[in-house]
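The block underneath contains the structure these notes are about, expressed in structure tokens.
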Amino acid sequence: MFIVSPVKEINEVATLIKAGASELYCGVLTEDYLNEYSNLFYLNRRPVISSNLRSFSELKLIVEAAHANGVSVSFVLNEFYSQNQFELVLEELDKAIGCNIDALIVSDVGLLDKLKREYRDKTRVYLSGCGSCFNIEAARFYKNLGVSRIILPRQLAIEEIKAFIDALPDLQFEVFIQNERCPFIDGFCMFQHGLFEYRYNKLSRFHNNKFVSRVKNYLMPKKLSRLYRNHIVRNVLKKELACCSQYDIEYSGGSSIEQENIAKTYSSFFNPETFLNACGACALYDLNRIGVKFVKICGRYLSRNNKEQDTYFIKEAVRLLNNNLNKEEFVSKVQLLYKKIFGSKCRREYCYYQN
Amino acid sequence: MEKALYITEYGYLNCYNFEYKRIYFGNEFCERLIPSPDELKMILGFAQDNLLDFSLITGFITDGIMEQLEGLLETLFKIKPDSEIIINDWGLLKIVRKYQFSLALGRLLTRQKKGPQVLRILDGLPEETLEYLRSGCINRYFINFLKDRGINRIEVDNLFQGVKFENAGINISLYFPYGYITTSRFCFSNPRNRKAGNSLGIYLCRKECRNGHFILRNPDMPVPLTIKGNTVFFENKKIQLPDHGNMVDRIIYQPRIPI
């Protein structure tokens, strides 16, 4: 089983490879681009500086470092594009290919079609989870558009994933395993990301002083233990992501005690903590049984420390698969491993795959 | 401008009046709400009695439901082969093309950015960004791709920031007054998603979504949001279309939140 880890800085590469990453993925967002178009005109799904490389020269260095260790690098262009954006995407695409990347992660059908026609021999193409591939016919559709791997959406059950693998043995399938389990379907979610950073950038232009710098360092510290992710939860996500905000909620639809109770407990649905800390390690047993070969760790914005922990944890969990354990024994050992690495017990609400 | 009435249940036909030349029926957001063949026949009977065109609206689907949907298409083809199918899942394209239905691409696949919180910052945005937020993710490669496959219409929502599809090169339908923002397979209305020890998931349901909806308010959100079942909607009663170059030629009225 191969572990696909996020990267956003050159100094993360060696650490992640040592921790167990088999592949890396990343995007680029430059200051110039932000100044010209803002965070709301985005070419990949994470339109914030804290989730991206700052330049294509950095991408080149990352690819070289990864290749020197036999690790491949995928480049994300996983949004859907307007005509104006499409021209910019083609520029980025050529720059990324010039950096010798191994694959592109794409969602836009127009772009997939273009890649099939004109870039067939230049790079491999993977379908992003934003492609929302929920059935085998959709997988065939994307296969005909030239994708060699499909990153399946989060909201598929293990047995549904198995059906893809059984039906299409010549395609690779990748599934999510750690972090960012959104309650909504990524490819169908049309809330904007990047609003918080957009506001922050506007603020920093007018108040380019130590105060703003301190705010930024507080919100995006270099070293952040898993425990302190809650700082991000409280201070950023509730502002950044509409799905993580706190709402006053009322039920409208006649008297239904059951539904009124749902209104009272809505925070268990829009819970940034379960979004951030989601974990599918226990499901590795079943994912391995059905033939999943690639597992993805989310969280491009996370610190090197966090990414290293997540990658190492999944590597150790995958290693347990070789110990001829039954499912119960495997789950029990993975949960102990979680506590050992992250310093706290896992919680059932964090499960990536339905318990 | 063609006017269509979009209903998810037979009972909502009481919202019909002679302004409407077309009926939309079906469900975009939950495969458990796909209509039965009997429901479809009743609606088709009404459409034929009133000389109305008909569009079957379909959603994103998993393999477990594919056969049921194919049965529905078979029924539709026998009764009204000149119908239109709204596709919200690329997996349906090949199946639907076995028949001679006309095809439109649904709003799940046209992907406009819709979070109303953007209204707070519209004034300071660069012109290209603003245009993108009004037009959505439509590029000419995509449009050509659609046309090559016999899809000659796209469906979009009526955004607060306005909609702008100058020279899109394809016919456009505008949904009104409800726009969808996001959807899920995890149902907000399902009490099992609140049970202690359950992670969010896909659980059996009693279609609790049909009983009512939830209204969400937050100071950062300029308008209230509505959740019905698994989907978040906004309501925008004001249609803002540009005077020139507008490709919208169909307005789809939703008398109820379409779940």
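The values are calculated or read from the model by the stated rules, or taken from the named source; none is laboratory data. These figures come from a predicted structure and were not determined experimentally. In this analysis, Cβ positions are derived from the backbone assuming ideal geometry, glycine residues included, and neighbour counts consider all displayed protein chains. To get the accessible areas, we keep the full protein, side chains included, count just its heavy atoms, and leave off ligands, DNA and RNA. Shrake-Rupley method; radii C 1.70, N 1.55, O 1.52, S 1.80 Å.
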Subject >> Unique residue being within 7 Å of chain A (Cβ to nearest Cβ) and assigned to a loop (DSSP other than H, G, I, E, B) when the list is B:LEU200, B:LEU204 >> reply: B:LEU200
Subject >> Evaluation of B:PHE234 against (1) without any contact (Cβ under 8 Å) to a residue 12 or more places away in the chain; (2) not in a loop (DSSP other than H, G, I, E, B) (one fails), failing number >> reply: (1)
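If you go through the stretch B:23-62 one residue at a time, how many are open to solvent by 30 Å² or more (accessible area, probe 1.4 Å) and either within 18 Å of B:LEU108 (Cβ to Cβ) or among the β-branched types (Val, Ile, Thr) (or both)? Give the steps one after another, and end with the answer.
First, pick out the residues of the stretch B:23-62 that are open to solvent by 30 Å² or more (accessible area, probe 1.4 Å): B:30-32, B:36-39, B:41-42, B:46, B:48-51, B:53.
If we keep only those that are either within 18 Å of B:LEU108 (Cβ to Cβ) or among the β-branched types (Val, Ile, Thr) (or both) as well, we get B:30-32.
Summing the residues that are open to solvent by 30 Å² or more (accessible area, probe 1.4 Å) and either within 18 Å of B:LEU108 (Cβ to Cβ) or among the β-branched types (Val, Ile, Thr) (or both) in the stretch B:23-62 gives 3.
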Original post:
When the residues of the stretch A:345-355 are filtered to those that are outside any helix (DSSP H, G or I) and open to solvent by less than 50 Å² (accessible area, probe 1.4 Å), which remaining residue is nearest to B:SER199 (Cα to Cα)?
Top reply: A:CYS351
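Only one of A:PHE75, A:PHE80 is among the aromatic types (Phe, Trp, Tyr), open to solvent by less than 30 Å² (accessible area, probe 1.4 Å) and within 19 Å of A:PHE141 (Cβ to Cβ). Can you tell me which?
None of the other options fit; the residue is A:PHE80.
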Subject >> Checklist (1) within 16 Å of the chain's Cα centre (by Cα); (2) open to solvent by less than 20 Å² (accessible area, probe 1.4 Å) applied to A:PHE2, failing item >> reply: (2)
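For the stretch A:12-54: of the residues being polar (S, T, N, Q) and modelled with pLDDT under 95, which is surrounded by the most Cβ atoms within 10 Å (Cβ to Cβ)?
So in the stretch A:12-54, the residues polar (S, T, N, Q) come out as A:15, A:22, A:30, A:35, A:38-39, A:44, A:50-52.
Next, from what is left, pick out any that are modelled with pLDDT under 95: A:30, A:35, A:38-39, A:44, A:50-52.
Working: A:THR30: 16, A:ASN35: 11, A:SER38: 22, A:ASN39: 23, A:ASN44: 23, A:SER50: 17, A:SER51: 22, A:ASN52: 26.
Out of the qualifying residues, it is A:ASN52.
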Subject >> Lone qualifier among B:GLN100, B:GLN68, B:GLN112 - being open to solvent by 10 Å² or more (accessible area, probe 1.4 Å), of a type in the set (S, T, N, Q) and closer than 26 Å to B:ILE251 by Cα >> reply: B:GLN100
Original post:
Where residues in the stretch A:102-131 are assigned to a loop (DSSP other than H, G, I, E, B) and open to solvent by 10 Å² or more (accessible area, probe 1.4 Å), which of them is modelled with the highest pLDDT?
Top reply: A:ASP102
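Identify all residues within the stretch A:142-152 that are of a type outside the set (Ser, Thr, Tyr) and buried (at least 22 other Cβ atoms within 10 Å of the Cβ); write none if there are none. Spell out how you get there, then give the answer.
Looking only at the stretch A:142-152, we keep the residues that are of a type outside the set (Ser, Thr, Tyr), and these are A:143-147, A:149-152.
Matches in the stretch A:142-152: A:VAL147, A:ILE150, A:ILE151, A:LEU152.
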**OP:** Considering (1) touching a residue at least 12 places away in the same chain (Cβ under 8 Å); (2) within 30 Å of B:GLU127 (Cα to Cα); (3) open to solvent by 10 Å² or more (accessible area, probe 1.4 Å); (4) not in a loop (DSSP other than H, G, I, E, B), say which one A:GLU91 fails and leave the rest.
**Re:** (1)
Original post:
In the stretch B:231-259, which residue that is under 14 Å from the mean Cα position of the chain (by Cα) and polar (S, T, N, Q) is farthest from the other protein chains (Cβ to nearest Cβ)?
Top reply: B:GLN254
Subject >> Where A:LYS162 falls short, out of the listed (1) within 11 Å of another protein chain (Cβ to nearest Cβ); (2) open to solvent by 30 Å² or more (accessible area, probe 1.4 Å); (3) free of Cβ contacts under 8 Å to residues at least 60 places away in the same chain >> reply: (3)
**OP:** Test A:GLU273 against the criterion of being open to solvent by 30 Å² or more (accessible area, probe 1.4 Å), over 22 Å from A:THR15 (Cβ atoms) and within 19 Å of the chain's Cα centre (by Cα), and give yes or no.
**Re:** yes
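Here's the yes/no breakdown for (1) farther than 30 Å from B:ASN171 by Cβ; (2) surrounded by 18 or more Cβ atoms within 10 Å (Cβ to Cβ); (3) at pLDDT 90 or above:
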| site | (1), (2), (3) |
| --- | --- |
| B:LYS195 | yes, no, no |
| B:LEU216 | yes, yes, yes |
| B:ILE227 | yes, yes, yes |
| B:ASN246 | no, no, no |
| B:PRO258 | no, yes, yes |
Subject >> Positions within the stretch B:115-130 being more than 7 Å from chain A (Cβ to nearest Cβ) and of a type in the set (D, E, K, R), in sequence order >> reply: B:ARG120, B:ASP123, B:GLU127
Subject >> Sole exception among (1) open to solvent by less than 30 Å² (accessible area, probe 1.4 Å); (2) part of a helix (DSSP H, G or I); (3) farther than 18 Å from A:THR15 by Cβ for A:LYS333, by number >> reply: (1)
Original post:
A:GLY291 versus (1) open to solvent by 10 Å² or more (accessible area, probe 1.4 Å); (2) at negative phi; (3) in contact with a strand residue (DSSP E or B) (Cβ under 9 Å, 6 or more places away or on another chain); (4) at pLDDT 95 or above: which is the lone unmet condition?
Top reply: (2)
Original post:
Assuming A:LEU156 fulfils every condition listed in (1) in a loop (DSSP other than H, G, I, E, B); (2) surrounded by fewer than 18 Cβ atoms within 10 Å (Cβ to Cβ); (3) among the aliphatic types (A, V, I, L, M) apart from one, which condition is it?
Top reply: (2)
Subject >> Check on B:PHE165, over 17 Å from the mean Cα position of the chain (by Cα), under 29 Å from B:GLY64 (Cβ atoms) and buried (at least 19 other Cβ atoms within 10 Å of the Cβ) >> reply: no
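Restricting attention to the stretch B:66-95, report how many residues are away from chain A (no Cβ under 14 Å) and at pLDDT below 95. Before the answer, list the steps.
Pass one, the stretch B:66-95, residues away from chain A (no Cβ under 14 Å): B:71-72, B:74-86.
If we keep only those that are at pLDDT below 95 as well, we get none.
Residues that pass the stated criteria total 0.
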